[in-house]
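Trainee: Structure in structure tokens, see below.
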Amino acid sequence: MTQQGAALQTYNNELVKCIEELCFKRDELSKQIKQEEEEKARLQHDIRILTEKLSRVNESLARRLTACAEFDRTIAETEAAYMKILESSQTLLNVLKKETGNLTKATEPRSSKDH
């Protein structure tokens, strides 16, 4: 019976050792789970902050793009109006030169050949 008692004691010791190893591994795994949960919480916080920043940047970008389009439109309209002014000025200058020429001819003394 002492041989059986010794075998039982050996089995018992091995069983206790296995249970202790499982408990140790479980505790290590629990620590890893806690660390990953903390990292997950940090990442979710960072994502929320970055999402808010992205939203603000998108809103600002949309406003700036709208303003830029408005600048483009205003510049195009102003350039078109300026070109019309230039064309009108050229036309006015041509008319003025023609009229000045006509007036000059009309006010010149007549030569004896014209009689």
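The values are calculated or read from the model by the stated rules, or taken from the named source; none is laboratory data. In this text, all values refer to a predicted model and were calculated from it rather than measured experimentally. Cβ sites come from the backbone with ideal geometry, for glycine too, and all protein chains shown count toward neighbours. Remember, those area values only see protein heavy atoms, side chains included, never the ligands or the DNA or RNA. Shrake-Rupley method; radii C 1.70, N 1.55, O 1.52, S 1.80 Å.
Trainee: Only one of GLN3, GLN44 is modelled with pLDDT under 95 and open to solvent by 100 Å² or more (accessible area, probe 1.4 Å); which?
Mentor: One residue alone meets the criteria, GLN3.
Trainee: Quick check, is GLU14 open to solvent by 100 Å² or more (accessible area, probe 1.4 Å) and out of contact with any strand residue (DSSP E or B) (no Cβ under 7 Å at 6 or more places or on another chain)?
Mentor: So GLU14 passes the test.
Trainee: Could you please let me know if ALA62 is surrounded by 10 or more Cβ atoms within 10 Å (Cβ to Cβ), under 15 Å from the mean Cα position of the chain (by Cα) and among the hydrophobic types (A, V, I, L, M, F, W, C)?
Mentor: Working: surrounded by 10 or more Cβ atoms within 10 Å (Cβ to Cβ): yes; under 15 Å from the mean Cα position of the chain (by Cα): yes; among the hydrophobic types (A, V, I, L, M, F, W, C): yes.
So ALA62 passes the test.
Trainee: Could you check, for the range 102-111, whether at least one of its residues is exposed (fewer than 10 other Cβ atoms within 10 Å of the Cβ), among the small types (Gly, Ala, Ser) and part of a helix (DSSP H, G or I)?
Mentor: Yes - at least one qualifying residue is present in the range 102-111.
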